[in-house]
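Scroll down for the structure; my scribbles are underneath it.
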Amino acid sequence: MILKDKVCVVVGAASLRGIGFAVADLFASQGAKVIAVDVAMDEDVAATIKHTIDEKNQMNSVLIGRKCDISSSLDCAGLFDEVVREFGKVDALVNCAGIVQSLSILSIEEPDFDRMININLKGAFNLSKESLRIMKTQGYGSIINVASVAAQRGGGLVGGAHYAASKGGVISLTKTIAREFGVHGIRANTVCPSMTETGMIDGMSADKYKEIVASIPLQRAGRAVDIAGACMFLASDYSSYITGSTVDVNGGSHIH
Ligand SMILES: NC(=O)c1ccc[n+]([C@@H]2O[C@H](COP(=O)([O-])OP(=O)(O)OC[C@H]3O[C@@H](n4cnc5c(N)ncnc54)[C@H](O)[C@@H]3O)[C@@H](O)[C@H]2O)c1
């Protein structure tokens, strides 16, 4: 049990097809106590997530759901206050929440840009800041922010410039946290997925999907569990000397 009794806040976990759910599933299976967070979280969704994970792993996980809009600093502060009240500590934050929009630069209007930055970048900042408040007092903690290959290659396969820029900001933010908070025993790393089979790529045509897969050295799209594996390693003590890194989980599609 790689994460036994670690208290892990997994954000963006409401969709059973999403990366956040795969993280919650893998973490719970490895003994973590999971707080599954999402703007779309409610009692029914949380119950479905726990039931699905427990059935699959033949276990009775410690897993609760919490609703939080990460673009709200108040929501994020309340979330971490509650986690500490209920669990006494925070070992890891995995931020998989995000939105994507496929628009060329000339079509991106100010509300599109603001919404993208508010959720993807300010949301990562809000969550990181509120978890750091707790982790600094503890003297330990691991922050994992999920960005995207779009930030590294200049635009996504589905995301526009505002998406790529928001994820570039997430990488910079995470590196800065690593530099500033290493002295407090806190690690911070980014995971960069490429095309991953979740609801986020539902709008893609079959031809486009095939064309992209053909160009990937490992000859397949990513699966949510591929990304979850990297997150598990970074949340665990097996990565105790890794901080400020950007971990590519892209099947070799962007080797740099
Ligand atoms: N799927 C891909 O191809 C791919 C590729 C690269 C990066 N990513 C990144 O991986 C992460 C997970 O994406 P996914 O593919 O699982 O998609 P997803 O849509 O299943 O998951 C994103 C989750 O974020 C939640 N969310 C949106 N706005 C929120 C808010 N304001 N507050 C709280 N939660 C909010 C959504 O409700 C959703 O459950 C995202 O950051 C995405 O940008 C995905």
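The values are calculated or read from the model by the stated rules, or taken from the named source; none is laboratory data. These numbers come from a predicted model, not from an experiment. Every residue, glycine as well, gets a Cβ built from its backbone with ideal geometry; the counts of neighbours run over all protein chains shown. Heads up: the accessible areas ignore ligands, DNA and RNA and are worked out on the full protein's heavy atoms, side chains in. Shrake-Rupley method; radii C 1.70, N 1.55, O 1.52, S 1.80 Å.
Let's see how each residue does on (1) away from the ligand (no atom under 13 Å from the Cβ); (2) modelled with pLDDT under 95:
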{"residue": "127", "(1), (2)": "no, no"}
{"residue": "134", "(1), (2)": "yes, no"}
{"residue": "141", "(1), (2)": "yes, no"}
{"residue": "152", "(1), (2)": "no, no"}
{"residue": "155", "(1), (2)": "no, yes"}
Checklist entry - Is segment 68-89 home to any residue that is closer than 16 Å to residue 225 by Cα and modelled with pLDDT of 95 or more? => result no
Item to check | Filter pass, residue 32 being under 15 Å from the mean Cα position of the chain (by Cα) and closer than 20 Å to residue 142 by Cα | outcome: no
Checklist outcome for this item: Within segment 196-246, the count of residues that are closer than 20 Å to residue 174 by Cβ and of a type in the set (D, E, K, R) comes to 2
Checklist entry - Name the residues in segment 207-256 that are aliphatic (A, V, I, L, M), open to solvent by 80 Å² or more (accessible area, probe 1.4 Å) and part of a helix (DSSP H, G or I), would you? => result 225
Checklist entry - In segment 214-256, what residues are among the aliphatic types (A, V, I, L, M) and farther than 22 Å from residue 180 by Cβ? => result 214, 216, 218, 221, 224, 225, 227, 228, 230, 232, 249, 255
Next on the checklist: If I filter segment 226-256 down to residues being closer than 15 Å to residue 195 by Cβ and hydrophobic (A, V, I, L, M, F, W, C), which single residue comes out as farthest from the ligand (Cβ to nearest atom)?
Outcome noted: 249
Checklist entry - Looking at 123, 182, which one is within 26 Å of residue 30 (Cα to Cα) and either away from the ligand (no atom under 12 Å from the Cβ) or out of contact with any strand residue (DSSP E or B) (no Cβ under 7 Å at 6 or more places or on another chain) (or both)? => result 182
Checklist outcome for this item: Counting only helices (runs of 4 or more DSSP H) entirely within segment 9-93, those with at least 2 residues that are open to solvent by 50 Å² or more (accessible area, probe 1.4 Å) are 43-57, 73-87
Checklist entry - Exactly one of (1) within 13 Å of the ligand (Cβ to nearest atom); (2) in contact with a strand residue (DSSP E or B) (Cβ under 9 Å, 6 or more places away or on another chain) is unmet by residue 50. Its number? => result (1)
